[in-house]
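Below: the structure, in structure tokens.
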Amino acid sequence: MDINIAGRERAAGYPGTSFATQQATQQADFDQHLREAAQQGSLVGSATPELEHHLGTAARQPKLVVISNRVATFGPLQPKTGGLAAALEPVVERSGAVWMGSSGKLGDGSEPLDIGQHGEGQVAKLDLPREHYSGYYEGFANSILWPALHSLPDRMAASANHYKSYQEINKFVAGAAFQFRDRDAIWVHDYHFLPLGAGLQNLGVDKPIGFFLHTPWPAPDMIEQVPNHGELMQSMLAYDLLGFQTNWDLNNFRACLRTHLGLEIEHGVVISARGHTRCQTFPIGIDPKQFARNASESLAKPDPYISSLQKKLNGAKLAIGVDRLDYTKGIDERIKAFDQVLAAEPRSIVLLQIANPSRTEIEAYKIYKRDVESLVERVNDKHGTNEWRPVLYENSPFTQAQLAGLYRAARVGVVTPLRDGMNLVAKEYVAAQDPNDPGVLVLSKFAGAAEDFDQNEALLVDPTRPDEIAAAISKAANMPREERVQRWRAMMDKLEAYTIHDWSAHFVQELDKSRVTVRATCSDLGSGWIN
């Protein structure tokens, strides 16, 4: 997911869903997936009796190591920025995994890991070296890789020094993770750590190492603009399993391997000097039942903010957008689209745009923030009055429970990123709807979620064309109830068929297979499977 904003519950006086209830539900769901995994043999215990013992006693030794740029902040009122936290928190709590990531503090590279217990698992935080952090994070990761992966070359700011810092931080994290080399497997997340698998392999780690990319993967001509792109892609092949959000991303990666490295993916496997790497899609999901429960409870326990919002509508319908304040999210084009809707249908609709500030230390983000705020002010001055504003612009955080209530209150969910790995806000909006009177999702055709939701379900649009977005918003706001129900039901069935718990369990099961079976390619071995 791109963003799950939290933290406003106490200030707004919102009672929300009991954290104990949510936690129990998540644990029950995760336990069920562990039982299913046991029938196939998985990393959390290769034999069913061992896994059943794990479920009954929560085995004390962590089995899986998870590595991401940041670890989640655990707790009912803590922010959950992205689907990563929702997916992996139950893995840590129930299966005894270790989750390692940055503490958010900088050091000289000599500070020990801060390891704390969380449920049956552990959270390991490390202070990244100050010397290389800026070049790694603000430089290569977010000023080069991030725009390149989202196919936005004009946003790139290349520097050879940034690449060196990116590599140095990856080497540092690999060294810190080496102490967990006796665990069953390592699962690395996102574009911050493309070469981390190679670093672990070079240190002698011989356990399965998997990688999941939460962003898109671009076409060959786009990745070619990334400094040292060939070396980066070579290092990615040190992973045993590479996971992508969509078939579009996997096909692009296949084309990049062919174009830049002369390699082919055959039967889902690419063979390189690093060994065998399996490549597969794992479209990340959500917990739709939990979102539906949150939305239902929001009706039973009215929230002061939602009540105030409904008064501000003054008879207009509500549309909602929830994003990080990032130039990839297309918020500026969305505001322009609402300008057109309001010009054609005055006072017919209000947009609640929640835009949580992101990467505020990076100049491109500062500029984008100013541009969006200027657009909001212009549209409000043009179409609003002192008493009524057509765009309600919020930078403050909201809890998951509040978001679910806001999603349900909105007739239109507007998710129009220029490019996105998945965008779980789209799925959250669908899950939170009233089954008898659901809203309509307006979705960018360049979001990963558009591979799950077709044009008969969501209203798919080109996010760079405000006129197209405006037409879809108007259609959604005026759509008959029967059609809304039909579209919603089809999307909800898909959400329930592959949840975020399925996603995490699926990846772990596939990672377990990565060092076990590979397609034989030598003629004297035939075409069977070998260890």
Check your understanding: What tally of residues in the stretch 91-130 results from selecting those that are surrounded by fewer than 19 Cβ atoms within 10 Å (Cβ to Cβ) and either touching a Pro at 6+ places or on another chain (Cβ under 6 Å) or without any contact (Cβ under 8 Å) to a residue 24 or more places away in the chain (or both)?
Key -> 11
Check your understanding: Inside the stretch 121-186, counting only helices (runs of 4 or more DSSP H) that do not spill past its ends, which hold 1 or more residues that are of a type in the set (Ser, Thr, Tyr) and either under 23 Å from residue 108 (Cβ atoms) or modelled with pLDDT under 95 (or both)?
Key -> 130-134, 160-177
Review point. Which of (1) part of a strand (DSSP E or B); (2) free of Cβ contacts under 8 Å to residues at least 60 places away in the same chain; (3) under 24 Å from the mean Cα position of the chain (by Cα) is the odd one out, the single condition residue 270 does not satisfy?
Key: (3)
Practice item. Kindly indicate whether residue 401 is modelled with pLDDT under 95, over 24 Å from residue 345 (Cα atoms) and not assigned by TED's automatic domain parsing to the domain that holds residue 214. Key: yes
Exercise for review: Scan the stretch 409-416 and give yes if some residue there is buried (at least 23 other Cβ atoms within 10 Å of the Cβ) and either over 15 Å from residue 350 (Cα atoms) or touching a Ser or Thr at 6+ places or on another chain (Cβ under 7 Å) (or both), otherwise no.
Suggested key: yes
Check your understanding: Among 320, 286, which is hydrophobic (A, V, I, L, M, F, W, C), surrounded by 22 or more Cβ atoms within 10 Å (Cβ to Cβ) and not in a strand (DSSP E or B)?
Key -> 286
Point to revise | Residue pairs meeting the criteria (Cβ under 9 Å; at least 6 apart or on separate chains; first at positive phi and surrounded by fewer than 22 Cβ atoms within 10 Å (Cβ to Cβ), in the stretch 131-150; second at pLDDT below 95 and in a helix (DSSP H, G or I)) | key: none
Exercise for review: Can you work out which of the residues in the stretch 289-317 that are in a helix (DSSP H, G or I) and free of Cβ contacts under 8 Å to residues at least 24 places away in the same chain is nearest to the chain's Cα centre (by Cα)?
Suggested key: 296
Exercise for review: Determine whether the stretch 324-335 contains at least one residue that is over 21 Å from residue 421 (Cβ atoms) and either among the charged types (D, E, K, R) or surrounded by fewer than 20 Cβ atoms within 10 Å (Cβ to Cβ) (or both).
Suggested key: no
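Let's see how each residue does on (1) more than 16 Å from residue 236 (Cα to Cα); (2) of a type in the set (A, V, I, L, M, F, W, C):
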{"residue": "134", "(1), (2)": "yes, no"}
{"residue": "151", "(1), (2)": "yes, no"}
{"residue": "155", "(1), (2)": "yes, no"}
{"residue": "159", "(1), (2)": "yes, no"}
{"residue": "173", "(1), (2)": "no, yes"}
{"residue": "178", "(1), (2)": "yes, yes"}
{"residue": "213", "(1), (2)": "no, yes"}
Check your understanding: Hey, among 337, 319, 300, which residue is closer than 22 Å to residue 431 by Cβ, in the same structural domain as residue 380 (by TED's automatic domain parsing) and modelled with pLDDT of 95 or more?
Key -> 319
Practice item. Go through the stretch 481-515 and count every residue that is over 22 Å from residue 444 (Cα atoms) and more than 25 Å from the chain's Cα centre (by Cα). Key: 3
Practice item. Give me a count of the residues in the stretch 200-211 that are under 21 Å from residue 164 (Cα atoms) and either buried (at least 23 other Cβ atoms within 10 Å of the Cβ) or of a type in the set (S, T, N, Q) (or both). Key: 3
Revision key, fill the gap. The correct count of residues that are part of a helix (DSSP H, G or I) and either within 22 Å of residue 168 (Cβ to Cβ) or outside the structural domain of residue 240 (by TED's automatic domain parsing) (or both) in the stretch 200-222 is 3
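The values are calculated or read from the model by the stated rules, or taken from the named source; none is laboratory data. Only a predicted model underlies this, so the values are computations on that prediction, with no experimental measurement involved. Here the Cβ is made from the backbone with ideal geometry for all residues, glycine too, and neighbour counts use every protein chain on show.
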